[in-house]
1. Sort W108, W35 by heavy-atom solvent-accessible area, probe 1.4 angstrom, most to least.
2. On the protein heavy atoms, probe 1.4 angstrom, tell me the percent of accessible surface of the chain carried by carbon and sulfur.
3. At 24 Å minimum axial length over the Cα atoms and a Kyte-Doolittle cut of -1.0, report the qualifying DSSP H helices in the chain, or say none.
4. Rank V24, V142, G2 by how far each Cα sits towards the positive end of the charge dipole of the chain (+1 on Lys, Arg Cβ; -1 on Asp, Glu Cβ) and give me just the farthest.
5. Using only alpha carbon pairs under 8 Å that are at least six residues apart, calculate the relative contact order of the range 22-78 and give it in whole percent.
6. For S130 and V24, compute 0.36 nm times the residue count separating them, minus their Cα-Cα distance, and round to one decimal in nm.
7. Any chance you could tell me what percent of the C-alpha pair distances in the chain go past 22 Å?
8. Quick one: which residues, 5+ away or cross-chain, put their amide H under 5 Å from the amide H of D90? H built at 1.01 Å from N.
Amino acid sequence: IGVSYFKGGFGQCGGDAFDAAPSVIQDLVFAPVEWPRLPNATRLAVVAQAGAAAATMLETMSAARGALASEQVCVAMGFDWSLVVDSTFDNIWSAAGTLLQMATTEGWMDVLHAGIDSRGSGMQPQRDFSPAWALFFVAFIVVGDFFVLNLF
């Protein structure tokens, strides 16, 4: 379940350059849209912030894929895209490691908050976006703790 819903969803755009960027650029990272639908003011802000090459890259990606993802905009603008937590659900092995970590109750709250804030693969997280995921994580903690306790 975790890989299906959280693959690529625990990343965020950040760093000093992102924090210092104008709000129009931060809004574009948070809610990316297709390049042709961007207002001219936003396009000019992209060129002013990252240069014409970044604008061309975003336009090309938008033409090829349609709607852009936050990660694509973040990287094209020269910002840092990094993981919110060290544990991920990007593949079956990292998901198994994350679930094992959660079963030992080490850092499970960080994973819980990252899951609740996740908006999908490559998208900037939003605080408390999907609070229903708390039920999944709490249920896993209850079942996983019983499993770990029975091992020892």
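The values are calculated or read from the model by the stated rules, or taken from the named source; none is laboratory data. These numbers come from a predicted model, not from an experiment. Neighbour counts are summed over all protein chains in view; Cβ atoms, including those assigned to glycine, are modelled from backbone coordinates with ideal geometry. Heavy atoms of the whole protein, side chains included, go into the accessibility calculation; ligands, DNA and RNA do not. Shrake-Rupley method; radii C 1.70, N 1.55, O 1.52, S 1.80 Å.
1. Largest accessible area first, the list is W108, W35.
2. 60 percent
3. Answer set is 133-151.
4. V24
5. Computed value for the range 22-78: 46 percent relative contact order.
6. Gain on extension, S130 to V24, equals 35.7 nm.
7. 47 percent
8. For D90, whose amide H was placed from the backbone, the distant partners under 5 Å are G8, A95.
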